[in-house]
Every structure is written in structure tokens, then in C-alpha cells.
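Nothing in this text is a laboratory measurement; each read-out follows from the coordinates by a stated rule. Quick caveat: nothing in here was measured; it's all calculated off a predicted structure. When we count neighbours, we look across all protein chains shown, and the Cβ atoms used for this are built from the backbone with ideal geometry, even at glycine.
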Amino acid sequence: MQCALTTSPATQRVHARRSGRQALRVHATAQTSTGLPKPKWAGDDLLSRLVNVVINSPLFDLLREGARARIKDTAEKRGVPWQQRVFELEHSEVFDIKEEIEDKQLEYPQYYTRAFHGYKEGNLSWLAALEAEPATDVMALLPYAKNEAELTGPAAQVRLRSSTLVAIRRFAAEYKIKEPKNILDAGCSVGICTRWLAGEYPSAKVIGMDLSPYMLAVAELRERQWEQKRQLQLSGASPLGADAVAVGADSIPGSTKRQRITYKHGMLEKSGLPSKSQDLVAVQFVIHECPADIISQMIQEGKRLLRPGGILAFVDINPNSSAGRNMPPAVATLMKATEPWTDEYYFYPLEEAMAQAGFKHVQCQELDPRHRIVLGAKL
């Protein structure tokens, strides 16, 4: 199974070089667990150094806009209503919700204030939040873009989220772990992953936590829309059926029976939640946006938050996928222009770090041609 890169601690040295974007250089001798080569555009290979030079040049702003344009172009070609979703949010109460949900005393860590995902302010901007839902559809579509031309964004979301939940349930069944009563979705963004978790475990109390109050405002708006529809259903005025407001999915099983999600402005590495208060901590599509030391802190905080028998699950890009290893240099340049911590993530020994932190039965599973889930139990 092509799931993990392994590196020798003696050969992995991460250097921060101060420039306009504080470029990262990773020196590593890396082999995959299956003996496959690491991507040539990551680490300290010549191609990687050339890519980093381009990213840290005056061309960066053009690259950032080019990356966003590529994502939007993919969306429109595959029938994802990008502009329609943005327009709908622009004419909603989402701006007022941000003022309600934001913790104005929270100090943002430096790694989070950098430009990424094609946005100068990163996730701390309205544009990023307004475009997050259609962009998430594109992310789910990418593994199948070449081979399944008719696949829609919602269908791709169903495929990705379902495979994630199946992997968690199989892991729990294999090691006789009980159904979770409390779930933390850390780095929840606009709440798509969170709603899937809540639908899968309808009796659980689910918290969605994110550093961006802009993203959380969209997530809370969707939750209020879902709540209104449910009230209409209970009154007999309107059937709810599938979770229609869970944008990015055709349907979310369990949406009519689940509990309301609570959204919290915060960060996993310093969550502020009580120790041993959670049964499942899910971190989905977050750590590729984080430096190595923050990932390590997240593992430790996840362990603190979990009760005995709890599960820590990381869902993210698979560094060892053939799609990643064989990415064309031009595409890799665009990707790295929007993801400043790519080199650190690609060489971070996630499974090893979880095992060293005391998690048991640590394992990696492929979810699709680009993504993986890494699971561990606190026993």
C-alpha cells in the first residue's frame, strides 16, 4: 500500500530562509515504504530548488492567481456552480455571523497568517471562505479528473467522505472500539467534513473547530439553514430529506436525526478543551498546511483530548501517491505556490510520530488515488 514516506532523522534537516515568503528547504534522503521514489519537486532535488526559486520570485503573485484560475476553470468545466455559490453567500447573513462566532482575543500563529491557497491573506479572508465550498468539490474531483469525465463534484464528495467514514468504522471494529459520543473535527473549515461526521454518528456531540472565523461563519450559516429546514419538517410544512444545505454532497446519511453541531473559533494545537473529553478527533485536509512542529503539537493535543479507546484520524494528501510523485513540474509549481509548507509535510513521518506519541495500531489506508487516512488508537 503506497501510503507513507519514511525519512532518516539524521538526514532530515529543515531550514527556514527569510525572504518575502520565508521559503523552506528540506534536505532529506527519502524512500517510500514500498521503495518508490519521492517526488522530484519536493525536498532538496534540483527541480525542487528551481520550483522554490520561482515561487520566491516576483512571479509569485502571478503564480498564485494562476493557481486559483486553474481551480476555478476545473470547477466550471465539471459543472461546479462556483459563481452561484459565492453570490448566494454574499447575499446572506454570513457577515453578521462572523461577528458572533469570532474570538477577538485569539492570537493567530505565524504559520497561519501567510499567503496560501491562492489567497494573499490565506484563510483569513472573505474571498477564501466564500469560495471554499466549490473549491472543496474540485479537491474531491481531482483524483478522477482524467479517467472519469462525467463525475460531478457532489458525487466525488460522496465518494471521498464515504471512504473516510468506512475506514474509521473498520478501524474501530477491528480493535473493538466503541461508538464515539464526543467528536472534534479540528480544522473544520466551512463544515463539510463536520456534517458528514455528524450524520455518520447522529447521537454524538460534534464540535467543529477552525482558526478562520470567516470559514466558521459559513459553517454556522449552513447549520442554521439545516436547523430551519429541520424545524419545517417537524412542523409538517416541508420535508427535509437529504441535507440539502450541506453543499458539496448529494446527501449526507443521518442528516435528519443528527444533533446540532457546535462551532468553535480555535486551533487544535491549543484547543482549550478539557482533557479526555473526546472519543474521536478528526483532522481532515489540515496538516499539509502546517509546519512540522505544529503537526507534532497536534498529535500531542489529540492524545490529551482523547479518552482511553479514542481514535485520532488524519485525512490528507498522500505523499506517496503516484499522482503526487509524477506531478508535472508546472503543476507542482502552481501547487507549491499555494501551499507554503508542502516540503515539510511531504517529509513528515506521520505514522512514526503517532506511534512515538503512544498511539497504538497506527495504520495508513488509501482513500483514493490522491488521499490517505492515518489512524491511531489511544488505549
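Summary table below
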read-out: For region 265-305: relative contact order, % (alpha-carbon pairs under 8 angstrom, 6 or more apart); value: 69
read-out: Magnitude of the charge dipole, region 144-198, Cβ model with Lys/Arg +1 and Asp/Glu -1, debye to 20; value: 220
read-out: Those lysines that a straight Cα-Cα span of less than 23 Å connects to Lys146, excepting residues fewer than 8 apart in one chain; value: Lys38, Lys40, Lys72, Lys77, Lys336
read-out: Shape metrics for region 129-172, restricted to C-alpha atoms - Rg then Dmax, Å; value: 12.0, 35
read-out: Segment Ser275-Asn326, extension gain: residue separation times 0.36 nm, minus the distance between their alpha carbons; value: 14.1 nm
